[in-house]
Amino acid sequence: MSLLHAVFRRLIKKGVVTLVEADGSRHVFGSPDPFFPDIVVRFNDRRVAFDIVRGPRLGFAEGFMDGRISFEKGDIMDFVGLIRANNPWEKGLDIEKKGPLRRAFKRATRRWNQINFRRQSKRNVAHHYDLSGKLYDLFLDRDRQYSCAYFTDPANSLEQAQEDKKAHIAAKLALSPGQKVLDIGCGWGGMALYLHKHYGVDVLGITLSEEQLEVAQKRAAEAGVSDHVRFELRDYRDLAGSFDRIVSVGMFEHVGVPNYREFFRKCHNLLTSDGVMLLHTIGRMAGPGSTDAFTRKYIFPGGYIPALSEILEGSEPNRMIATDVEVLRLHYAFTLQEWYRRTVAAREQIEALYDERFFRMWTLYLAGAATVFQYGGMVNFQIQYARSRHALPITRDYMMKSH
């Protein structure tokens, strides 16, 4: 416990965390601050501290999921937020300092963990996206947009912000009626249906999730647009044909760094000579990193958040011109905070669908994600690509006029 106490003292300066150990002893860390919460966390067995010291992220996560860590005051969002707010990315404090041997091991294993073989890719997608549709209905917006929204005003509703996200992306695609659009990682079909409805384009959406495919196809049929908006269960590597535009939202995180060159080579070959692509992905403000053990094991197996340098390293050899780069900083924090709020409000329904352990896992996932965008090193990148320097106007004015 003494080692864990030392870590808490280093991490917690503002706000108060009272740690109640299994034997009932209490230890207080930090100092009162009107902008930080007062939290009481309890370790319900003596092994919790050992598990956290041995593997901080996974040890804490599994302790919380199993009910061996609980909160008597505050909740998981308060706790994770307090830790990260005390140690924002800009301060440059590495919460898990690594020695030279561990850094070497990380480098050696990182690339292997980022390989997404075809068969494994489908299993990885199913692990997360083939969960019950009822779960996603409980915390997403009506259109089931499971990616960063775009808040023109932080006070906007989630529904408004997701509509604005689709409009913002569509503006960057510079669409014209009758064009052929490819949506790589189409989710439940909302983006494809939006582009056809507002711009008169024909869209092919592809996914590796059978549950998402079924919902997307049903939505297109109910809207009477199945002849213009098609959805297929397809790996992007197996596609052929020619498209005027390509859009990919929230899928690139599952590609894997070793496959980036192949991904962009495929996109280049699928685009017409004057084609345009918009890539929307979570990204790192720092350089290359690794996926934490909790996320890799429980949330997104095979997932990896890229640095901007890694994305460009994949696109540049394929003569894909990065014509516009926008960094969305706090938008995903606002999005995830609302998802968390809705998840907590739907606790009974979620536990009925799964169990208490799943609910705790899901709230930890959302709390960790929300705070890493609010205080940590994650942002969203929107990168516009073109095959030709003449494919788009030479100023960004057209994007503003399209809104």
Residues being open to solvent by 40 Å² or more (accessible area, probe 1.4 Å) and either over 22 Å from K91 (Cα atoms) or part of a strand (DSSP E or B) (or both): count how many of those fall in the stretch 31-52. 8
Residue list for the stretch 370-391, filter: open to solvent by 20 Å² or more (accessible area, probe 1.4 Å) and either out of contact with any Leu (no Cβ under 7 Å at 6 or more places or on another chain) or assigned to a helix (DSSP H, G or I) (or both): V372, Q374, Y375, M378, S388, R389, H390, A391
Which of the residues that make up the stretch 168-204 are open to solvent by less than 10 Å² (accessible area, probe 1.4 Å) and small (G, A, S)? A170, A171, G189, G190, A192
Could you please tell me which pairs satisfy a Cβ distance under 9 Å, a separation of 6+ or placement on different chains, a first residue in the stretch 386-403 that is at pLDDT 95 or above, and a second residue that is open to solvent by 100 Å² or more (accessible area, probe 1.4 Å)? R387/R319
State which residue is nearest to F373 (Cα to Cα) when the search covers only the stretch 61-73 and only residues that are in contact with an Asp or Glu (Cβ under 8 Å, 6 or more places away or on another chain) and open to solvent by less than 40 Å² (accessible area, probe 1.4 Å). G63
For the stretch 299-318, what are the residues that are within 19 Å of the chain's Cα centre (by Cα), open to solvent by less than 40 Å² (accessible area, probe 1.4 Å), at pLDDT 95 or above and not aliphatic (A, V, I, L, M)? Y304, P306, E310
Return the total of residues in the stretch 169-194 being within 18 Å of the chain's Cα centre (by Cα) and more than 20 Å from S209 (Cα to Cα). 1
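Could you list, in sequence order, all residues of the stretch 205-216 that are under 10 Å from V229 (Cα atoms) and open to solvent by 30 Å² or more (accessible area, probe 1.4 Å)? Break it down stepwise before answering.
Looking only at the stretch 205-216, we keep the residues that are under 10 Å from V229 (Cα atoms), and these are 205, 216.
Scanning the stretch 205-216 gives no hits.
Can you tell me how many residues in the stretch 148-169 are assigned to a loop (DSSP other than H, G, I, E, B) and in contact (Cβ under 8 Å) with a residue 24 or more places away in the chain?
Residues of the stretch 148-169 that are assigned to a loop (DSSP other than H, G, I, E, B), as a first pass: 148-157.
Right, trim to in contact (Cβ under 8 Å) with a residue 24 or more places away in the chain and you get 148-151, 154.
Final tally of qualifying residues: 5.
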Every residue in the stretch 11-30 that is of a type outside the set (V, I, T) and open to solvent by 90 Å² or more (accessible area, probe 1.4 Å), please. K13, K14, D23, R26
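The values are calculated or read from the model by the stated rules, or taken from the named source; none is laboratory data. Only a predicted model underlies this, so the values are computations on that prediction, with no experimental measurement involved. Note that each Cβ is placed from the backbone with ideal geometry, even for glycine, and that neighbours are counted across all protein chains shown. Note: accessible area is taken over every heavy atom of the protein model, side chains too, but ligands, DNA and RNA are not part of it. Shrake-Rupley method; radii C 1.70, N 1.55, O 1.52, S 1.80 Å.
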